[in-house]
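Enquirer: Mind looking over this structure? Questions follow.
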Amino acid sequence: MDLNYTEEEVAFRDAVRSFLKTQLPEEIARKGAEARPLTKADYDLWHSRLNEAGYLAGSWPKKFGGAEWSAVQKHIFEEESALAHAPRIVPFGVAMLAPVLQAFGSKEQQDYYLPRILSGEDWWCQGYSEPGAGSDLASLKTRAVREGDHYIVNGQKTWTTLGQYANKIFCLVRTGTEGKPQEGISFLLIDMDTPGIEVRPIILIDGVHEVNEVWFTDVKVPVENLVGKENEGWTYAKYLLTHERTGIAGVGFATAGLQSLKRIAKTEMQNGRPLAEDPFFAARLARIEIDLMAMATFNLRTVAGADAGKAPGAESSMLKVRGSILRQQINDLARRAIGPWAQPFVSEQLEGNLYHPGPDHAARATNTYLNNRKISIYGGSNEVQRGIITKAILGL
Amino acid sequence: MDFNHTEERRMLADSLRRSLERGADWAALAELGVLGALFTEDEGGFGGQGFDIAVVFEELGRAGASAPVLEAGLAGGLLADAGRADLVEQVIAGTLKVTLAHSEPGLRYDLGPITTSAASGTVTGRKSFVTNADGADRLVVSALEDGAVALFLVDPKSEGVSLHTTPALMGGTISEVTLDRAPAERLGLAETLETRLAAATLAVCADALGAMETAKAMTLDYLRTRKQFGVPIGKFQALQHRMADVAIEIEMARSAVINLAGHLSDAAPTRDRHVSATKNLTARAAHLVAEEAIQMHGGIAMTEEYALSDISRRLFAVDHRFGDEDWHLARFIRLSA
């Protein structure tokens, strides 16, 4: 047992810190700290800085130009980035599609798409969920029918995160109706410029345009855009879902969130004293901090276990459930901390003034609280995760 | 970063688990090195680090053992601090059973102010919540001496000492001890009391972790075998999800125990912040796990005869030893300011 990083890990952390200090633009960090939405230009700029420094493909295998980070290194990078309020790496190309192409894509697909992911030439989005297929993803209905050298795609995808910026979408489509629902699914790469695709914004409860509906009407997709084999897309989809899981606990976000919450609690006053000294508020805050101390170690135990060749598998479902609850508790406490300033609700999507009249730290707290209700729903809801824990860990 | 125990600690845990399953007695535990693991080499043992304490007590808790091991580490540690290697040697060999008598009526979980006083080779006062005193050969008693707290060695069988002993919620016994000019041998000032109590609090938390694992295993077993409405009750999602949460909170408690074990040798403010964080979280987890285990078992868990009752009581007792959830939360807040 040793709770300390090795010398190599400390050196890696210091390098990441100094990169963040010199390369992360102040304006972007400020937006991160204040939880304001980023523009496409912000994302693009950060993407290219990460790529230049070799951090973008940190987890990729060396033969695809990556650095083959250990799970602990990946954790360090994610945590330091969150603490510096850097944008998260938009995961759809780098962390989701790339591992699938590296494992199941053709040589041509690897050679063509992987460099474009790194350069930022392609912005990928994810076409998984459908209006009738959420937690029960395998019930998806978007159909792809083979006609000569093309698939003709019809259907609808939803919750497509940042799809408004994407020029490509990877989709799960139904190519077969025989056997179990999982058996007739294929993995298709689709150009968003193809005629018949329509992207419609969905404004979320916090007033932000983050996700979209994507409609497909007789969309022609060349057959060479099929990844792997027809009707085996479910295997690739599962691989994708289990691949990127070290950040699933969100410890970095929670740590950064707790730091800013403590700052708010020192500034906001209650009964003539800083809110941080109010015994009821202090108790809520302390309980969360205590949970986070344990959560950080729980996360590292799992991460270190994956490094030693153990499958992170279902343990990451535990991290997802507990980590999402903890982050939501932090957001909830931030909302309470700003008190009556939670009432002015500023949204670009609603009419009215765009400037929150309260202190800076109050401007986005409510919006962040509302937005992060999603984290116990997406990526397999917490109820789905509990089902996985029940079967895979508890054997019930 | 490494979350694996050393080979030595794993072996000790394995052989302790097997011995406890066979019903090891006090002599067997001493022979196995369970007591030696609580003391450093300088003190005559071969462990004494946070992770030594953690592995030993996790197994004792798992087995629901009521042997006075915690008492040996706590009172024995104070003897080591007083330079009494002669006595520590006997404690490690299992030939001298000791326990600490410090708390007093009205103090709840606070360490002071105490009123028991020392005068001309005797101590007088009343001590509360003294665990496993009835089987002890010596009590380590705290008492005021010129305004300072000092420690004294008292034979519980000597004149002037009377015990009112009941079974304890966590297993073993608990006594109210009355001292009336009881003959006492001075050990020294009680300067290391908080350090030794930090280690004892880790022991309680690790013990709770082991007990939680047993409660979990018993409940899982029950969910798989108990049938209602024609199916094993573990097929019901309402119970599955509760069980998943129980499993998650046990992993949180395990993580908290690791945190405290890893910081037990830190300077006092950092160490005590971890003591309070870990005790607060473990106490919350312990009563959640016990309550859920009872609820998921149903009626059978309410019976004294069923083995879960011992384990549940042990888990409920976690809150009441060395400071409860709220006491440690308040302390954590003070230490974080």
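The values are calculated or read from the model by the stated rules, or taken from the named source; none is laboratory data. What you are looking at is a predicted structure, and each value in this text was computed from that prediction instead of being measured. Don't worry about glycine lacking a Cβ; one is built from the backbone with ideal geometry, like all the others, and counts go over all protein chains shown.
Enquirer: Inside region B:255-264, can you point out the residues that are more than 8 Å from every other protein chain (Cβ to nearest Cβ) and out of contact with any His (no Cβ under 9 Å at 6 or more places or on another chain)?
Expert: If the condition is that a residue be more than 8 Å from every other protein chain (Cβ to nearest Cβ) and out of contact with any His (no Cβ under 9 Å at 6 or more places or on another chain), then B:V257 is the only one that fits.
Enquirer: Does B:D326 meet the test of being surrounded by fewer than 16 Cβ atoms within 10 Å (Cβ to Cβ), within 27 Å of B:A198 (Cβ to Cβ), within 14 Å of another protein chain (Cβ to nearest Cβ) and not β-branched (V, I, T)? Working first, answer last.
Expert: Values: surrounded by fewer than 16 Cβ atoms within 10 Å (Cβ to Cβ): yes; within 27 Å of B:A198 (Cβ to Cβ): yes; within 14 Å of another protein chain (Cβ to nearest Cβ): yes; not β-branched (V, I, T): yes.
It is true that B:D326 is surrounded by fewer than 16 Cβ atoms within 10 Å (Cβ to Cβ), within 27 Å of B:A198 (Cβ to Cβ), within 14 Å of another protein chain (Cβ to nearest Cβ) and not β-branched (V, I, T).
Enquirer: Here is a further query. Strands (runs of 3 or more DSSP E) wholly in region A:98-186 with at least 3 residues that are in contact with a Lys or Arg (Cβ under 7 Å, 6 or more places away or on another chain) - which ones? Steps first, please.
Expert: Details: elements: A:124-127, A:143-147, A:150-157, A:168-174.
Once the strands (runs of 3 or more DSSP E) in region A:98-186 are filtered for at least 3 residues that are in contact with a Lys or Arg (Cβ under 7 Å, 6 or more places away or on another chain), what remains is A:150-157, A:168-174.
Enquirer: Regarding region B:161-180, can at least one residue be identified that is out of contact with any Ser or Thr (no Cβ under 9 Å at 6 or more places or on another chain) and not assigned by TED's automatic domain parsing to the domain that holds B:F39? Working first, answer last.
Expert: Initial filter on region B:161-180 (out of contact with any Ser or Thr (no Cβ under 9 Å at 6 or more places or on another chain)): B:169.
Narrowing further to those that are not assigned by TED's automatic domain parsing to the domain that holds B:F39: B:169.
Within region B:161-180 (the criterion being out of contact with any Ser or Thr (no Cβ under 9 Å at 6 or more places or on another chain) and not assigned by TED's automatic domain parsing to the domain that holds B:F39), the answer is yes, since at least one residue qualifies.
Enquirer: Restricting attention to helices (runs of 4 or more DSSP H) lying wholly within region B:1-88, give those where 2 or more residues are under 13 Å from the mean Cα position of the chain (by Cα) and either more than 14 Å from every other protein chain (Cβ to nearest Cβ) or of a type outside the set (F, W, Y) (or both). Talk me through it step by step, then tell me what you get.
Expert: Numbers: elements: B:7-21, B:26-32, B:50-63, B:69-81.
So the answer is B:50-63, B:69-81.
Enquirer: Does B:A247 satisfy being farther than 21 Å from A:M1 by Cα, at the interface with another protein chain (Cβ under 7 Å from one of its Cβ atoms) and in contact (Cβ under 8 Å) with a residue 24 or more places away in the chain? Outline the logic, then answer.
Expert: Numbers: farther than 21 Å from A:M1 by Cα: yes; at the interface with another protein chain (Cβ under 7 Å from one of its Cβ atoms): yes; in contact (Cβ under 8 Å) with a residue 24 or more places away in the chain: yes.
So B:A247 fits the description; yes.
Enquirer: For region A:12-28, which positions are assigned to a helix (DSSP H, G or I), away from chain B (no Cβ under 14 Å) and more than 19 Å from A:E210 (Cα to Cα)?
Expert: The first filter runs over region A:12-28 and keeps only residues assigned to a helix (DSSP H, G or I), leaving A:12-23, A:26-28.
This time we only want the ones that are away from chain B (no Cβ under 14 Å), so: A:14-23, A:26-28.
Once the filter is applied, which keeps residues that are assigned to a helix (DSSP H, G or I), away from chain B (no Cβ under 14 Å) and more than 19 Å from A:E210 (Cα to Cα), region A:12-28 yields A:D14, A:A15, A:V16, A:R17, A:S18, A:F19, A:L20, A:K21, A:T22, A:Q23, A:E26, A:E27.
Enquirer: Right, another one. For A:P61, are the conditions met, namely being assigned by TED's automatic domain parsing to the domain that holds A:F77, within 30 Å of B:D2 (Cβ to Cβ), under 22 Å from the mean Cα position of the chain (by Cα) and not small (G, A, S)?
Expert: Values: assigned by TED's automatic domain parsing to the domain that holds A:F77: yes; within 30 Å of B:D2 (Cβ to Cβ): yes; under 22 Å from the mean Cα position of the chain (by Cα): yes; not small (G, A, S): yes.
Judged against the criteria, A:P61 is a match.
Enquirer: Which of the residues that make up region B:40-54 are farther than 19 Å from B:R271 by Cα and not aromatic (F, W, Y)? Can you show your working first?
Expert: Filtering region B:40-54 for residues farther than 19 Å from B:R271 by Cα gives B:41-46.
Correct list: B:E41, B:D42, B:E43, B:G44, B:G45.
Enquirer: Here are A:V208, A:V219: which of them is within 21 Å of A:Y151 (Cβ to Cβ) and of a type in the set (A, V, I, L, M)? Before you say what the answer is, go through the steps one by one.
Expert: On the way: A:V208 fails: within 21 Å of A:Y151 (Cβ to Cβ).
Result: A:V219 is the single residue among A:V208, A:V219 that is within 21 Å of A:Y151 (Cβ to Cβ) and of a type in the set (A, V, I, L, M).
Enquirer: While we're here: Restricting to region A:197-228, name every residue that is surrounded by 14 or more Cβ atoms within 10 Å (Cβ to Cβ) and either assigned to a loop (DSSP other than H, G, I, E, B) or among the polar types (S, T, N, Q) (or both).
Expert: A:L204, A:D206, A:G207, A:V208, A:N212, A:N225, A:G228
Enquirer: For the structure I just gave you, tell me whether A:N231 is among the polar types (S, T, N, Q) and in a strand (DSSP E or B). Don't jump to the end; show me each part of the working.
Expert: Numbers: among the polar types (S, T, N, Q): yes; in a strand (DSSP E or B): no.
Spelling it out, it is not the case that A:N231 is among the polar types (S, T, N, Q) and in a strand (DSSP E or B).
Enquirer: Related question: Taking the options A:A276, A:A283, name whichever one is under 21 Å from A:D360 (Cα atoms) and within 11 Å of another protein chain (Cβ to nearest Cβ). Before the answer, list the steps.
Expert: Values: A:A283 fails: under 21 Å from A:D360 (Cα atoms).
Only one candidate qualifies: A:A276.
Enquirer: Residue check, A:F253 against (1) of a type in the set (F, W, Y); (2) over 20 Å from the mean Cα position of the chain (by Cα); (3) part of a helix (DSSP H, G or I), all met but one. Which one?
Expert: A:F253 satisfies every listed condition except (2).
Enquirer: Might you check whether a residue that is over 19 Å from the mean Cα position of the chain (by Cα) and at pLDDT below 95 occurs anywhere in region A:70-89?
Expert: Just the residues of region A:70-89 that are over 19 Å from the mean Cα position of the chain (by Cα), to begin with: A:70.
So of that shortlist, the ones also at pLDDT below 95 come out as A:70.
Yes, because at least one residue in region A:70-89 is over 19 Å from the mean Cα position of the chain (by Cα) and at pLDDT below 95.
Enquirer: Whether any residue in region B:211-222 is in a helix (DSSP H, G or I), within 26 Å of B:L100 (Cα to Cα), away from chain A (no Cβ under 14 Å) and in contact with a Leu (Cβ under 6 Å, 6 or more places away or on another chain) is what I want to check.
Expert: yes
Enquirer: Same structure again: If a residue must be under 18 Å from the mean Cα position of the chain (by Cα), more than 9 Å from chain A (Cβ to nearest Cβ) and closer than 17 Å to B:L193 by Cβ, how many such residues does region B:266-292 contain?
Expert: 4
Enquirer: Return the residues of region B:248-272 that are surrounded by fewer than 20 Cβ atoms within 10 Å (Cβ to Cβ) and farther than 18 Å from B:A206 by Cβ; say none if nothing qualifies.
Expert: B:A267, B:A268, B:P269, B:T270
Enquirer: Which of the residues spanning region B:201-235 are in contact with a Lys or Arg (Cβ under 6 Å, 6 or more places away or on another chain), of a type in the set (S, T, Y) and surrounded by 23 or more Cβ atoms within 10 Å (Cβ to Cβ)?
Expert: Within region B:201-235, B:T201 is the sole residue that qualifies.
Enquirer: Follow-up question, since we're still on this one. Which is crowded, with 21+ Cβ neighbours inside 10 Å and at negative phi, of A:E52, A:E78? Break it down stepwise before answering.
Expert: On the way: A:E52 fails: crowded, with 21+ Cβ neighbours inside 10 Å.
Only one candidate passes the filter, namely A:E78.
Enquirer: Shifting gears a bit: Listed residues A:G352, A:G358; which is in contact with a helix residue (DSSP H, G or I) (Cβ under 6 Å, 6 or more places away or on another chain) and surrounded by fewer than 23 Cβ atoms within 10 Å (Cβ to Cβ)? Can you show your working first?
Expert: Values: A:G352 fails: in contact with a helix residue (DSSP H, G or I) (Cβ under 6 Å, 6 or more places away or on another chain).
From the options A:G352, A:G358, the qualifying one is A:G358.
Enquirer: Taking strands (runs of 3 or more DSSP E) that do not extend beyond region B:121-178, which have at least 3 residues that are farther than 26 Å from B:G61 by Cα and not aliphatic (A, V, I, L, M)? Break it down into steps so the answer makes sense when it comes.
Expert: Working: elements: B:122-131, B:138-145, B:148-154, B:161-167.
Because the criterion is at least 3 residues that are farther than 26 Å from B:G61 by Cα and not aliphatic (A, V, I, L, M), the strands (runs of 3 or more DSSP E) in region B:121-178 that meet it are B:122-131.
Enquirer: Separate question: Report, by residue number, each residue of region B:114-138 that is under 23 Å from the mean Cα position of the chain (by Cα) and closer than 14 Å to B:A190 by Cβ. Break it down stepwise before answering.
Expert: Within region B:114-138, the first condition is being under 23 Å from the mean Cα position of the chain (by Cα), and the residues that meet it are B:114, B:126-138.
Answer for region B:114-138, where residues must be under 23 Å from the mean Cα position of the chain (by Cα) and closer than 14 Å to B:A190 by Cβ: B:I114, B:K127.
Enquirer: Which condition number does A:W215 fail, the rest of (1) more than 23 Å from A:S381 (Cα to Cα); (2) modelled with pLDDT under 95 being met?
Expert: (2)
Enquirer: Counting only residues that are in contact with a Cys (Cβ under 6 Å, 6 or more places away or on another chain) and among the β-branched types (V, I, T), which one in region A:158-187 is nearest to A:G134 (Cα to Cα)?
Expert: Here the answer is A:T160.
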